[in-house]
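Notes for the one structure printed next.
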């Protein structure tokens with residue numbers, strides 16, 4: 001199996017018309033699809049751990065609850081040179097962008113979906129993400145941290161063992177920067193956070209709220225682009241995911257478990273993505289952004305309108321989806 005050190009350097013290419021970024025990562029072309037990288041089942045092909053929870057648990061033998069390993073097929077290299085380049089035509093980008101890619105295995109057990117785990121078992125994974133978020137900030141070139149979960153083949157999952165992927169970027173992705181620009185403009189004009197205003201409006205409307213707890217609430221967004229799309233947001237305004245208290249982390253673990261359980265009760269065998277949106281490192285103390293989780297069920301296929309115009313087509317009204325999820329029976 002190829003190792004991370006043999007992967008060809010990536011290129012970050014920027015589109016001057018759409019202001020989008022594309023990672024040309026040829027080294028990921030041969031990554032496996034299936035069970036070949038799996039702690040316990042295929043330990044010999046699983047990289048040594050860089051972090052485990054609970055602290056003090058065995059790094060590479062049974063006994064851990066959450067385990068972080070290097071990604072064998074990374075988009076970035078920690079030793080990346082970040083070489084800016086520009087072609088004679090004016091097209092430009094970054095060759096060999098610096099960064100880091102890791103895989104967080106959420107449980108020792110090969111088949112143990114999140115909705116069957118206890119709140120404390122889910123909490124181990126979130127503690128690991130917090131720890132890697134905090135570790136990533138120590139990198140001299142690190143600017144942005146992104147954690148995501150691809151569950152199921154239709155959602156891009158390439159490993160059967162449930163896991164998160166943790167990416168550290170040396171740049172702020174253009175789409176994220178555009179969101180920041182809108183949020184800053186709104187804050188400068190009104191003195192309020194666009195995110196808090198939106199979250200408060202969702203809570204007040206109630207029609208799209210699915211669940212509410214001490215520290216978080218879960219809702220279907222007003223303009224949800226996918227059927228049964230969910231957001232989990234904190235009551236406390238904070239741009240920094242890793243600033244959670246232990247009580248908040250436990251509450252978030254329960255909220256995430258509950259949300260996935262509701263989705264899978266309505267759609268058994270559901271493929272879905274989970275995205276953690278925390279502020280870029282230079283904005284961790286900003287008042288205009290609030291971190292949140294997004295859950296994107298893959299019940300439909302994106303086609304011409306979505307891909308060509310970036311206009312999502314959702315056949316299930318968000319209010320109807322919220323009603324169905326509220327009524328779902330979960331353990």
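The values are calculated or read from the model by the stated rules, or taken from the named source; none is laboratory data. Owing to the predicted nature of the structure, the values given are computational and were not obtained by experimental measurement. Reconstructed Cβ throughout: ideal geometry from the backbone, glycine too, with neighbour counts over all protein chains shown.
Scanning segment 292-316 for residues that are in contact with a helix residue (DSSP H, G or I) (Cβ under 6 Å, 6 or more places away or on another chain) and under 18 Å from residue 181 (Cβ atoms) returns no hits. The residue of segment 175-193 that is farthest from residue 17 (Cα to Cα), among those that are free of Cβ contacts under 8 Å to residues at least 12 places away in the same chain and in a helix (DSSP H, G or I), is 190.
Part of a loop (DSSP other than H, G, I, E, B) and at pLDDT 95 or above - does that describe any residue in segment 121-134? No, segment 121-134 contains no residue that is part of a loop (DSSP other than H, G, I, E, B) and at pLDDT 95 or above. Checking 166, 230 one by one, the residue that is in contact with a helix residue (DSSP H, G or I) (Cβ under 8 Å, 6 or more places away or on another chain), surrounded by 17 or more Cβ atoms within 10 Å (Cβ to Cβ) and assigned by TED's automatic domain parsing to the domain that holds residue 316 is 230 and no other.
Among all positions in segment 26-39, there is at least one residue which is part of a loop (DSSP other than H, G, I, E, B), in contact with a strand residue (DSSP E or B) (Cβ under 9 Å, 6 or more places away or on another chain), modelled with pLDDT under 85 and buried (at least 18 other Cβ atoms within 10 Å of the Cβ). Restricted to segment 85-106, and to residues there that are touching a strand residue (DSSP E or B) at 6+ places or on another chain (Cβ under 7 Å) and not in a strand (DSSP E or B), the residue that is farthest from residue 17 (Cα to Cα) is 106.
A single entry from 113, 88 fulfils the requirement of being free of Cβ contacts under 8 Å to residues at least 24 places away in the same chain and more than 17 Å from residue 280 (Cα to Cα): 88. Being in contact (Cβ under 8 Å) with a residue 24 or more places away in the chain, part of a loop (DSSP other than H, G, I, E, B) and within 19 Å of residue 161 (Cβ to Cβ) is the filter here, so list the residues in segment 49-62 that pass it. Listed by number, the residues that qualify are 50, 62. All of 72, 23 fail the test of being buried (at least 16 other Cβ atoms within 10 Å of the Cβ), outside any loop (DSSP other than H, G, I, E, B) and at pLDDT below 90, apart from 23.
Could you grab me the full set of residues in segment 293-307 that are in a loop (DSSP other than H, G, I, E, B) and touching a residue at least 12 places away in the same chain (Cβ under 8 Å)? Residues satisfying the conditions are 298, 299, 300.
Only one entry in 255, 271, 203 is surrounded by fewer than 20 Cβ atoms within 10 Å (Cβ to Cβ), touching a residue at least 12 places away in the same chain (Cβ under 8 Å) and within 24 Å of residue 120 (Cα to Cα), namely 271. Just a yes or no: is a residue in segment 99-119 within 20 Å of the chain's Cα centre (by Cα) and at positive phi? Yes, that holds for at least one residue.
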